[in-house]
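Below: the structure, in structure tokens.
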Amino acid sequence: MKKTIKNAKKQSWKPFFKMMGKNVPWAWYVANLVLGLILAELTVRVPELTGRLMNGEIFDNALVWQYVWVNVLLILGRTIQVITGSWVGNYTDRNLQRALWKRLIRIPMRKYDEQNPSTLISRVTSDCTQVTLFLGNFFNSLASLYEMFLVFQMFYGMSREITLALLLAVPYVLLVFIVPGRILFRATERMQGTLSQFTNFVTERMMNVKLVKSSAAERPELQAGIQAAEASYKAEVHMGIVEGVLYPFKNSISGVVEAVILLVGAAMISRSALLLDDLVTLYMYAPLIAAYLFLYLSAFHQAKQAQGATHVVADLMQTKPETMERETSFTQDAADIVFDDVSFRYQDRDILSHVSFTIPSGKVTAIVGPSGAGKTTVLSLLERLYTPYEGTIRFGDTPVETIHLDDWRAAAGYIQQTSPLLSGTIRDNITYGMDRPVSDAEVIQAAKAANAYDFITKLPDGFSSSIGQLGGKLSGGERQRIAIARMIIKDPDYMLLDEATCGLDAENESMIQKALDHLMEGRTAVVVAHNLRTIVSADNIVVLDRGKVQAVGTHETLYKTNELYRRYIDLQFDQDSPANHIS
Amino acid sequence: MDESKKNHVWKSFLILLKDSRLPWLFIIFKLLLSMGVSQLSLIFPDMTAQILAGDLAVSTITLMVSLMFLQYAATGVSVIVGRMAGAKITLSLRKFMLRKVLSLPIPFYDNNMPDRLISRTTEDTQKLSSYLGDDVPNFPSQIYLFLGTLFILFRYDWRLVALTAVTIPVILLLTFVSGRLGFKWNNRIQIKLAELTGYLAEILANIPLLKVFVQEVKEDQKGQDNIEELYKTKVKYQFITAGLTAADELQGIVTNVVAIVGGAWLVTHEYITLEIWMAYYLYTGNLSRGITEMKLFWERTKAAQGAARRMSEIAMEQDEAAGGNLDLTKQDGGDLCFEQVGFSYGDTQVLRDMTFTIPANKVTAFVGKSGAGKSTVFGLLERFYDPDSGRITMGGESVDAYSLRSWRQAIGYVPQETQLLSGTIRSNITYGLERQVTEEEIIRAAKAANAYDFIMEQKNGFDTETGERGSKLSGGQCQRIAIARALLKDPKILLLDEVTSSLDAEAKAAVEEALERLKDGRTTIMIAHDLSTVRDADQIIVLDDRTVEAAGTHEELIQTSPVYQSLLRAAQPAAL
């Protein structure tokens, strides 16, 4: 995190303005500023009026009325300003969030892999708001700067001496501003850090309560938890002390301002250089001056905070989204898919190097190899989640890069090793991504084919059971079967299966495999499998090892000619066939 | 919630407070300091009025300015004391809650989302403590300031109090309305924000799924709608807040006008002097501030009440039963028997009339379709759950006669999918061990678990960080670490739950080799869907339809058990 901020600092402000350009209603900000300037004129009159009243001019009806009108006008004006101001802020916020969301939804996988989902969330929810807050503060500061100018102008008009004396206090004010900043920042950081460590600790234990209990580790865990809580305690006490010590200094600004006005004023009055009435008026302005200073202080701190957020958001806004629209549509006749000298690197590691093979149309191709061979990568490249580093993948003679991405993905059904489910009902999950309305009969049929029907109907709400409420109660196998039902209902032209039946028990596995075999008939299918039956019955087998193609062929030829393949199959064969021992 | 339960909650709240031992000294000190600050606030208006009336002696000014600084300093100290009191309370509440959430029985965790238990421990503790450490000791001083101001005004002239009293109902009404509205709308925003965050969290975590199903356009729209909805709510909220603020300020003006006009009348009729009026005018500020503080206190009390109730509800829960005095780690257990055991989750019966014996120091395997009850048997063996009917015995004694702690210490459990905790590989291998472990032992365990080689390939060897939930290691690697953990624990009873199901051929072979070594000289109980791994078991128990269908060796079952035969057929690969 620190690193990204550091990197971000080097960047120019160009992306920032580019990002803000279209999304910020500048005219409204300016209008709001103008209103702020007008109100400033009114605001600076109030203390004077109050001063005169307090001085005893309460019998002057005109003055009382003036006091009432100025205040009422001011309140109404301020209300309008607050409303428009917050509207403008929220509007900007919304625009930024929407723009960012558009980007994130189409973020390329490579960029996505660099991020951590939970930080991405705060990019949208809190970082955007930081940026708008900064904007709002900036314009507000301009208005109050003008206000302060007016106040000083008046001060200067009434008493040059007091104004100059106040200016002498400036170094003190700066000192009080700047010194605590760092200390406070560090204390806050420490407090937040220890608190999140404690929260993480509790979260992890609560998520793994069965592990804790089956290890009878309650006592050491309690000790560790108490330690984390104590670290947080110490940070809190530290923070309390820092705040307590800084409090008098921070507030002393208003004390100093008042003291200067009163002492200098008193001296001047004794020399008859100032009227008591004027002193009272000046004194009335003292809280206003302190308020400005506080405002700048907090705006300054907020700007520092926003700096990091701004750059991160601007950086994300700059990422090029995946483009769906390419040169050709995907309505062509079926053709073979060819990997032509394809290499793929990921985070400086070669995953595939110079891989070439053909996936025949309408047939089942199995990809076999030890873990880490690059099998899943082949499927990701086929799904076009990533693009090859070198070489091309062709569909017939057409490079896949030129085919519309949405067409391509819509035509392919991809089941990953572990299939995520989304919140919503089981039905929602089975019909996820369907553009047409789906009948209940279809859903039931798909669930039956995926061997999911029985367990779904046993749930309290059947197909309407909500995934969120089931929580972790669905087993991995059950989740996988829902994912398979989802694929069956999608009825894709191309199938990419990444160990789809992994984690299922033998009976379920064989039943689902039958359903999938049936589904794969006549379609182009690419299967990563460690299931012997699937491998053996494939039309074409690609043997991968360490990112290279070792051999391509059918089971019979490979078993005879390829040593790696034979060893791999023998290992499987030995384990997968208890039936052989029946006789 | 009915009355008796409510009382119970309050009672347990008091127990909670007693157990968490409040730092009374700090709280009282904080109270005294706030009183002092209030006392100073009572002096200021009078002094200011004197000065503004023309008493410009340097001594008066210096006195006032020094009193101001004294007040700042006192407030500073009171901040420190309050924060310390709060932190102390947080700490003891957290200790209390930590102990509690670690000792609840498993069915409780099944029925409650973990995030609830988490926020009880991390957030509610903080809410309650800032209330007890800050707001409560602060409150009397606010009352003192309010009453003190009234008293001073009364001493000037009773009519001034009457003048003030006129405006108080208006202030109260406004305060009440704005409190209500503000609360309601703030809640609404929080809900919307939570909705948006929940939605974002889910989609952002599942971007690949979205891509695979080409849902960009749809999810883009959904996200836009969510953002729009939040935006509208926020604008409305701020509209209302601005309106309320305006009303509040107008009320301030009304109060001032009443003070001015009323004051003018009082001065003309010579009930008070102009000087007293000036002081009075300055004091009215104290009064409205006092009312605001009281309102805030009321709101905070509500919030703290909620936090206290939620925590008390958990504090009320029964701890997991500790069991009897027998120590399984110190004695030979003997055979494990299920005697007519029945078990239900809620209304769903999962096991019925289950009777079998697991002989000591032998390998027993459970097979059966998914849903047959295999994992539940393990849950009962771990004593995560208690049977609803029948009983489980160990060496003739009911399992409840053994202390739960020794029971679980004597059992090594390798689950289907291993959970690693964040930390290093070493800390995960030695997890739950209370004795000191030597480096050689760890290495030996890792080697026996076929984990040593891949661990050494990591950048920092045994000190490599595993990442949250072991995310930086593959499934097979996590599994082997779990086996090393079980090896190091050297348990009397070993539970293996489909240990190799999610592994590829190579990893599977490695893990199985390791498991063979682990089985020697202890009772091993395993669940397997891969029948090749149970062939050599001393006993195979076939579960079907929530009870025992057959038990025996592989050879016997081939002859006698229809369910076993059908399982075998399903596993048979296509013709080779």
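Readers should treat all values here as calculations from the given coordinates under stated rules, not as data from a laboratory. Quick caveat, the model's predicted, so the values are computed rather than measured. A quick note on method: Cβ atoms are made from the backbone with ideal geometry, for glycine too, and the neighbour counts reach across all protein chains shown.
What to note about this one:
- Taking the DSSP bridge list for the protein assembly as shown and keeping only pairs wholly inside it, about 55 percent are antiparallel.
- What the Cα convex hull of chain B gives, in volume per residue, is 241 Å³.
- Computing FRET efficiency as 1/(1 + (r/R0)^6) for A:Leu37 and B:Trp158, where r is the C-beta to C-beta distance and R0 is 45 Å, gives about 0.45.
- Those lysines that a straight Cα-Cα span of less than 21 Å connects to B:Lys295, excepting residues fewer than 8 apart in one chain: B:Lys30, B:Lys127, B:Lys184
- Legend: residue pairs A:Lys22/B:Lys218; B:Lys18/B:Lys88; A:Lys22/A:Lys111; B:Lys447/B:Lys489; B:Lys192/B:Lys232; A:Lys111/A:Lys304, Cα-Cα distance threshold 18 Å; pairs beyond threshold, A:Lys22/B:Lys218; A:Lys22/A:Lys111; A:Lys111/A:Lys304.
- Think of each Lys and Arg Cβ as +1 and each Asp and Glu Cβ as -1; about the Cα centre, that makes the dipole of the range A:22-318 roughly 1280 debye.
- Just so you know, the Rg over Rh for the range B:72-202 is 1.14, from Cα atoms, with Rh as the Kirkwood radius.
- Across peptide B:530-543, the average count of Cβ atoms from other chains found within 10 Å of a residue's Cβ is 2.
- Relative contact order (%) - criterion: Cα under 8 Å, at least six apart; region: chain B: 15
- Each peptide among B:442-448, A:360-366 gets the average number of other Cβ atoms lying within 10 Å of its residues, and from highest to lowest they stand as B:442-448, A:360-366.
- Using a Förster distance of 51 Å, the FRET efficiency for A:Thr188-B:Gln559 (Cβ separation, nearest 0.05): 0.10
- Computed packing ranks the peptides B:478-488, A:181-191 as B:478-488, A:181-191, most packed first, by mean other Cβ atoms within 10 Å.
- Per-residue [θ]222 nm for chain B (sum of -39500 (n - 2.57) over DSSP H runs n ≥ 4, rounded to 500): -21500 deg cm²/dmol
- Global form of the protein assembly as shown, assessed from the alpha-carbon gyration tensor, a/c cut-off 1.5: prolate
- Cα gyration tensor shape of the range B:100-177, rounded if a/c is under 1.5, else prolate or oblate by comparing a/b with b/c: prolate
- Beta bridges by DSSP in chain B, antiparallel share as percent, to the nearest 5: 55
- P(r) histogram, all alpha-carbon pairs of the range B:71-126 included - 10 Å bins from 0, percent: 22, 36, 21, 13, 7, 1
- Whole-angstrom gap from the range B:322-382 to the range A:514-560, using each part's C-alpha centre: 41
- With Cα atoms, 0 to 90° folded angle of helix B:3-19 axis to chain B main axis: 90
- The packing ranking, built from the mean of other Cβ atoms within 10 Å per residue, places the peptides B:372-385, B:207-220, A:23-36 in the order B:372-385, B:207-220, A:23-36, highest first.
- Mean separation of Cα contacts under 8 Å, 6 or more apart, over the residue count of the range A:22-318: relative contact order %: 31
- Value at 222 nm in deg cm²/dmol, rounded to 500, when DSSP H runs of n ≥ 4 in chain A each add -39,500 (n - 2.57): -21500 deg cm²/dmol
- Relative to the longest principal axis of the Cα atoms of chain A, the long axis of helix A:61-105 lies at roughly 20 degrees.
- Efficiency of FRET from Cβ geometry, A:Leu73 and B:Val177, R₀ 25 Å, rounded to 0.05: 0.55
- For the range A:279-376, GluC sites (Glu not before Pro) are listed when DSSP marks them as loop and at most 13 other Cβ atoms sit within 10 Å of their Cβ; the list is A:Glu325, A:Glu327.
- All-pairs Cα distance distribution in the range A:170-315, expressed in whole percent, bin size 5 Å: 2, 8, 11, 11, 11, 10, 10, 8, 7, 6, 5, 4, 3, 2, 1, 1, 0, 0
- Counting every C-alpha pair in the range A:22-318, the share spaced more than 29 angstrom apart comes to 57%.
- Applied to the range B:71-83, the Karplus parametrisation 6.51 cos²θ - 1.76 cosθ + 1.60 on θ = phi - 60° returns per-residue 3J(HN,Hα) values of 5, 4, 4, 4, 4, x, 4, 5, 4, 4, 4, x, 5 Hz, with x for Gly and Pro.
- Overall Cα dimensions of chain A - principal axes, largest extent first, Å: 120, 62, 48
- Relative contact order (%) - chain A, alpha-carbon pairs under 8 angstrom, separation at least six: 15
- Cα centroid separation - the range A:277-330 against the range A:356-377, whole Å: 52
- Counting only other chain Cβ atoms within 10 Å of each residue's Cβ, the peptide B:79-87 averages 6.
- Averaged over the residues of peptide A:236-245, the number of Cβ atoms from other protein chains lying within 10 Å of each residue's Cβ is 6.
- Chymotrypsin sites (Phe, Trp or Tyr not before Pro) lying in DSSP loop within the range B:162-206, provided at most 14 other Cβ fall within 10 Å: none
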